[in-house]
Each structure stands twice: as C-alpha cells, then as structure tokens.
Amino acid sequence: MTTETTTQTEQVASPSEYDETEALRELITPVRVVLWDFDGPVCRLFAGHSAEGVADGLVEWLEGRGLHALLTEEERESLDPQVVLRAVGRRHPGSDLVTDLEERLTQEELKAASSAMPTAWADPLIRTWAALGLRLAVTTNNSARVVAKYLDGRGLLSCFAPHVYGRTDDLDLLKPDPHCLNQALLAMGSAPGTALMIGDTPSDYLAARDAGVPFLGYARTERKEKLLRGAGATAVVASLETVLRAVRTAAHPLARPRPRPRA
C-alpha cells in the first residue's frame, strides 16, 4: 500500500506587509462608497499627450488674444494646464474667456484620454469593489466628458455611471473645495463616514477632510508621498496592489495571510 502525503503551504507575509494590509483592511471594512480622483489613481491622463504642451498651448492662445499680462511669469511657466485655467478664472470669473479656455482644455483632455496609461492595479480594484456591491464615483478636477470617454474605453463605465463629477463652469468649486465630493455623497445617499476618497494630491486630501470623508493617498513617487503626508494624510500607499490585497482579505477572511515572526 502506498501512502501519499500532501503538504499545504500557508501564505506568510513579512511583518511590514502584514501591518500595512491589516491597517488598510481596517480602513476599508466600513466603506460602502468609494470616491476616486481620476488623473493619478485611475490613470495617467497625460502619459501620451504632454500636459506641459497643453499648458503652453493655453498660454499661447491667451497671448494671441493680447492677454499676455493676464498671467504671472510663474503661472506662464508652471507647465500645468490647471494652473493656467485657475489663474484666468480668478481674474475673470464667470466670463466667456473662462468658458472658452475651459473648453479648450477639455478638448485637449479628450485627446489625452485616447493615450492615457491605466494606473497599475486600478482596473482590477475597481472591478472587485463593484463586484462586492460597493458604489463607486469619480470626483475630479478634469472634465466629466473625459472621464466617461476613458472609462468607456476600458469597459469600466458601468462600474461608476452615472456618478462622475467633474469640472464645472465655477472654477472656485474645484478641489480642494469639497463640492464634487458632496455632490457624489448627496446623489448616492451616503454618509461621509461610510465613504472613502482615493487621491494623489494635497487638494484631494483637503477636499476629503472638509467633506468629512476618510482618505487614502496614492503616491507612486516619494515626492508625491511627501506632499500628501505634509498636507496631513496618514494612510498612503505606493501601489494599489496593496489595496486590492486588503480588499480581498477583508472579503475572504480565511485567505488572510498570517504574519511572519519578527526577528
């Protein structure tokens, strides 16, 4: 008679990995609604269509209308189209000039959406949360039309629709103002304490703080992590894989890894 022995290997995590996953699990367990910033956590919008080039184009468009003096030197050289748009919005709020400039930026964002690079692990995290019955929304300073185009192209729009809240004509309501977060919470009938905001900038953190929504920072670089923590964020991850792992262990407790003994 032959005896067959089967050895089962348990999943073991390093102490630091275990602690991070457990902390995330505690953060996400009560969550029923997830509010995503777009450019950064969901994708790199300008990965194939330079944001610097877009900013330069907006500056040249203004200069072509004799409005060179409308921007400071720092604003002209910021290489950030949102900085240019906000600057004009502060000086000519509600004007046709702001409307035209915002539409030009939207058209550039729509071009960028075609070559945007998905953030690693964002797609499976979105699909997993949606499959678990959580409601998802996008709360962004980008155009809602751009978000819808990108999500539709990735087959993700149904995970969010109709809850995409983007830039409005009133630029004072861009983050760090919590307007778009409050819109989402109201539309989804969610209390702030049962929601979670995922963002990658200090303005995302400040908007979440003012809306009373717990915040999870995504920082793919040390510089971004430093900025987030400097603003006050305490929960920050370098990869959404960590979040996905925590979501899966929260959904399936028996699959939770046990900690490796500390040295």
Taking region 208-254 on its own, how many of its residues are closer than 18 Å to residue 127 by Cβ and open to solvent by 30 Å² or more (accessible area, probe 1.4 Å)?
7
Of the residues in region 54-71, those that are open to solvent by 40 Å² or more (accessible area, probe 1.4 Å) and small (Gly, Ala, Ser) come to 64, 66, 69
Single match in 181, 156, 171, 136 (criterion: open to solvent by less than 30 Å² (accessible area, probe 1.4 Å) and without any contact (Cβ under 8 Å) to a residue 40 or more places away in the chain):
156
Filter result (closer than 24 Å to residue 49 by Cα and surrounded by fewer than 16 Cβ atoms within 10 Å (Cβ to Cβ)) within region 87-99
99
Does residue 246 meet the test of being touching a residue at least 40 places away in the same chain (Cβ under 8 Å), closer than 13 Å to residue 37 by Cα and assigned to a helix (DSSP H, G or I)?
no
Breaking point among (1) basic (Lys, Arg); (2) within 25 Å of the chain's Cα centre (by Cα); (3) farther than 27 Å from residue 237 by Cβ, for residue 91
(2)
Restricted to region 100-133, and to residues that are in contact with a Ser or Thr (Cβ under 7 Å, 6 or more places away or on another chain) and farther than 15 Å from residue 48 by Cα, which residue is most open to solvent (accessible area, probe 1.4 Å)?
121
In region 1-31, residue modelled with the lowest pLDDT [restricted to those that are open to solvent by 50 Å² or more (accessible area, probe 1.4 Å) and in contact with a strand residue (DSSP E or B) (Cβ under 7 Å, 6 or more places away or on another chain)]
10
Quick check, is residue 78 free of Cβ contacts under 8 Å to residues at least 12 places away in the same chain and among the hydroxyl-bearing types (Ser, Thr, Tyr)?
no
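The values are calculated or read from the model by the stated rules, or taken from the named source; none is laboratory data. Quick caveat, the model's predicted, so the values are computed rather than measured. As a convention, Cβ positions derive from the backbone with ideal geometry for all residues, glycine included, and neighbour counts pool all protein chains shown. The protein model used for the area step is the full one, side chains on, heavy atoms only, and it has no ligands, DNA or RNA in it. Shrake-Rupley method; radii C 1.70, N 1.55, O 1.52, S 1.80 Å.
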